[in-house]
Amino acid sequence: MDLLKNYYSIYSTIHNDIKDLIKSGNYERIILDLMNASKTIFPGQYIHQEKQANGECDFVDAVTGEKFDAKIPIDKRQGQMIGGRKGDAGALTTELHNEALEFQYCFVGDQKKPIIELNLFKKMKNNISKTKSDENVIFFIPYPIVFDFEGFPLVGASDLLKKIYRELSATTDTSKKHLYVIYISFDRKMVLRNLETDKREYLQFPEMQHYVDYNIKHIEID
């Protein structure tokens with residue numbers, strides 16, 4: 001594929017049902033299903049810890065006991081945008097998309113914005129601070145955060161998540177934990193990504209289309 005001759009116009013919509021996905025905690029069940037379907041990023045067998053009254057993590061490896069905690073990187077105010085009776089998923093959609101677009105300001109203009117000033121970086125760093133030193137962190141991002149699909153020729157290129165990980169590893173003690181991200185690709189698959197190695201696994205998971213819908217319009221330039 002010659003990317004210089006191809007243009008992609010991307011449209012995505014977050015449905016109002018996503019409020020229930022987050023409020024009910026059902027996203028933890030989705031994460032668990034994906035972890036147990038994984039062959040490479042999560043090669044073990046995992047169980048969900050039903051009792052978490054004392055701050056226990058969300059998932060553990062059934063054999064090794066390795067711990068994992070799930071986080072959705074939204075702040076308290078954004079949580080209220082969908083948590084209230086009159087919550088507005090559309091407003092949250094716009095805000096999250098704008099956060100992803102902040103990345104471009106790290107490279108353009110006379111006053112470039114450092115990665116540590118990005119809202120997504122701040123939220124992810126805050127999420128990590130709320131986990132124990134021996135707990136791995138899985139960031140669940142229920143929308144397409146970066147341009148990614150299976151077989152994408154530029155999958156190794158630097159993107160928002162890779163840049164954020166480099167800053168997190170430089171400014172946060174992650175020596176005893178691994179960081180993962182689960183998000184949606186543009187070929188309607190779930191991406192399981194190890195931020196440390198940047199290895200990715202793409203899994204079919206049609207259920208997410210109840211919460212997020214999107215399409216790519218492809219135009220080939222003569």
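Read-outs: derived from the displayed coordinates by stated rules, not from any lab. In this text, all values refer to a predicted model and were calculated from it rather than measured experimentally. Neighbour counts are summed over all protein chains in view; Cβ atoms, including those assigned to glycine, are modelled from backbone coordinates with ideal geometry.
Annotations
- The fewest-to-most ranking of Cys106, Cys57 by surrounding Cβ atoms within 10 Å reads Cys106, Cys57.
- Relative to the current alpha-carbon distance between Lys122 and Glu207, full extension at 0.36 nm per residue lengthens the span by 27.7 nm.
- In this simple spin-label approximation, Asp134 and Arg77 carry label points 7 Å from Cα along the Cα→Cβ vector, and these lie 3.8 nm apart.
- Potential lengthening of the chain between Gln45 and Asp198 amounts to 52.9 nm, from the contour at 0.36 nm per residue minus the alpha-carbon distance.
- Charged side chains reduced to their Cβ positions (Lys and Arg at +1, Asp and Glu at -1) give region 95-190 a dipole of some 280 debye around its Cα centre.
- On the basis of the beta-carbon distance and an R0 of 30 Å, Lys112 and Asp33 show a calculated FRET efficiency of 0.15.
- Under-5 Å amide H pairs with Phe205, H placed in peptide plane, nonlocal only: Met190
- Label-point gap, in nm, between Asn54 and Lys162 - each point 7 angstrom along Cα→Cβ: 4.3
- Values of log10 I(q)/I(0) for region 175-215 across q = 0.24 Å⁻¹ run -0.78, by the Debye formula with one identical scatterer at each alpha carbon and no solvent.
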